[in-house]
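Take a look at the structure below.
The values are calculated or read from the model by the stated rules, or taken from the named source; none is laboratory data. Just so it is clear, the structure is predicted and the values come from calculations on it, not from any experiment. Here the Cβ positions follow ideal geometry from the backbone for every residue, glycine too, while neighbour counts run over all protein chains shown. These accessible areas exclude ligands, DNA and RNA; they are computed on the full protein's heavy atoms, side chains included. Shrake-Rupley method; radii C 1.70, N 1.55, O 1.52, S 1.80 Å.
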Amino acid sequence: MPEFRQDPITGRCVIIASNRSNRPRHYDAETELVYSLECPFCEGNERMTPPEIYAQREAHSGADTPGWRVRTVPNKYPALEDYGRWSEADPGIYRTSPGVGVHEVIIENPRHIVNIGALDENQFVNILRAYQTRLATLRKDRRWRCLLIYKNQGEAAGATLEHVHSQVIALPFVPKEVSAEITGANRHYRSTGACFYCALSQTESVSGKRLVSSTERFVALCPFAPRFLYETWILPKNHSATFESSSDEDIFALAHALRNVIIKLNGALGNPAFNYFIHSLPPHETAEYQYHWHIEILPQVAKAAGLEWGSGIHLNPVCPEEAARLLRETPA
Ligand SMILES: [Zn+2]
Ligand SMILES: [Zn+2]
Ligand SMILES: [Zn+2]
């Protein structure tokens, strides 16, 4: 029987309809290349991108030359641009304001790897450090009210270049998705005196029903009301509002946990396209005790359709208990 489920933090409603269940399509693993002549993200093609903002490099290698491990550049086709100040718009029914913001690309490997699951744990550490550094730097600019790291892997997830990369965006306001979480976290804290996500991590660790993996510092789980098939969240077990403040030990442990989940998803679903993003307490927000940073991984194995667009209700044919069981059983 189908079931309505509500996300306890945002109130978002989904339908779990396991009766419609069929295994997600598998799609073929891509061929791995070492270098592509036309790829602007390959080592040796540094001139094809705007000048780098940040890179982890071998000693004595110059900016915008080979010798890097992770490289951050401005997005050549930015969604937002860093110009002027953001202001609330004109009166009337239509509102506009300048598309002020920052949009950067973090190139995650010098070689032409197309699936982040092919990278080793050390490279995950390098990537997470790059995320951390960019977020910490952008946080100092008081204009930005929300910072988001996100990844689109695979064409079905919106990637236009296949070479492994993530993106960073800085926004002059807090978007609805993020503010709904902060509001929910504040509400939970007011009524219980505790962080919702800490309670989530404890509850799911005890029950084990939706647990994908658990290590000393991190827990990976399928959320109770998942919008996407095999949706998985990773969160630190110890309370922490901002990802940027993670210690070195946290970064090592997260590299292990994140890689582990991606390899499980790749194994279980046949290298699916997916998006992931990091939700970290936005600058200017004060919910230090209420909010808890996390990563949401959204495999793109089914398309949102009329129901989703028309009602905002996601229909999910795989219940999270079943999804978590399959991922737990898939070796990493
Ligand atoms: Zn490439
Ligand atoms: Zn917490
Ligand atoms: Zn979130």
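Tell me, which residue of the stretch 146-202 that is among the charged types (D, E, K, R) and within 16 Å of ligand 1 (Cβ to nearest atom) is nearest to P272 (Cα to Cα)? If we take residues in the stretch 146-202 being among the charged types (D, E, K, R) and within 16 Å of ligand 1 (Cβ to nearest atom), then E155 is nearest to P272 (Cα to Cα).
Per-residue answers, yes or no, for (1) out of contact with any Asp or Glu (no Cβ under 8 Å at 6 or more places or on another chain); (2) modelled with pLDDT under 95; (3) within 16 Å of ligand 3 (Cβ to nearest atom):
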residue: I127; (1), (2), (3): no, no, no
residue: A136; (1), (2), (3): no, no, no
residue: R139; (1), (2), (3): no, no, no
residue: L148; (1), (2), (3): yes, no, yes
residue: K151; (1), (2), (3): yes, no, yes
residue: A159; (1), (2), (3): yes, yes, no
residue: V178; (1), (2), (3): yes, no, yes
residue: E181; (1), (2), (3): yes, no, yes
residue: H188; (1), (2), (3): yes, no, yes
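So, V102, is that one over 22 Å from I297 (Cβ atoms), β-branched (V, I, T) and touching a strand residue (DSSP E or B) at 6+ places or on another chain (Cβ under 6 Å) or not? In short, yes.
Restricting attention to the stretch 182-234, the residues that are charged (D, E, K, R) and closer than 21 Å to L281 by Cβ add up to 3. Listed here are the strands (runs of 3 or more DSSP E) enclosed by the stretch 138-257 that have at least 1 residues being in contact with a Ser or Thr (Cβ under 8 Å, 6 or more places away or on another chain), closer than 19 Å to R328 by Cβ and open to solvent by 40 Å² or more (accessible area, probe 1.4 Å): 211-214. Would you check if there is a residue in the stretch 96-109 being in contact (Cβ under 8 Å) with a residue 40 or more places away in the chain, under 15 Å from Y276 (Cα atoms), part of a helix (DSSP H, G or I) and out of contact with any Pro (no Cβ under 9 Å at 6 or more places or on another chain)? No, every residue in the stretch 96-109 fails to be in contact (Cβ under 8 Å) with a residue 40 or more places away in the chain, under 15 Å from Y276 (Cα atoms), part of a helix (DSSP H, G or I) and out of contact with any Pro (no Cβ under 9 Å at 6 or more places or on another chain). Count of the stretch 296-332 residues, restricted to those that are acidic (D, E), closer than 30 Å to S246 by Cα and open to solvent by 10 Å² or more (accessible area, probe 1.4 Å), is 2. Determine, yes or no, whether L265 is open to solvent by less than 10 Å² (accessible area, probe 1.4 Å), more than 16 Å from ligand 1 (Cβ to nearest atom) and part of a helix (DSSP H, G or I). Here the answer is yes, as L265 does meet what is asked. Pairing each residue of the stretch 318-332 that is within 16 Å of P272 (Cα to Cα) and in contact (Cβ under 8 Å) with a residue 24 or more places away in the chain with any residue that is aromatic (F, W, Y) and surrounded by fewer than 24 Cβ atoms within 10 Å (Cβ to Cβ), provided the two are 6+ apart or on different chains, yields no C-beta distance under 8 Å.
Restricting the first residue to the stretch 283-295 and requiring it to be over 21 Å from L254 (Cα atoms) and open to solvent by 30 Å² or more (accessible area, probe 1.4 Å), which pairs with a second residue that is more than 10 Å from ligand 2 (Cβ to nearest atom) and assigned to a loop (DSSP other than H, G, I, E, B) meet a Cβ separation below 9 Å and a spacing of at least six or different chains? Close Cβ pairs satisfying both conditions: H284/R142; H284/W144; H284/R145; H284/V174; E285/R145; E285/V174; Q290/L281.
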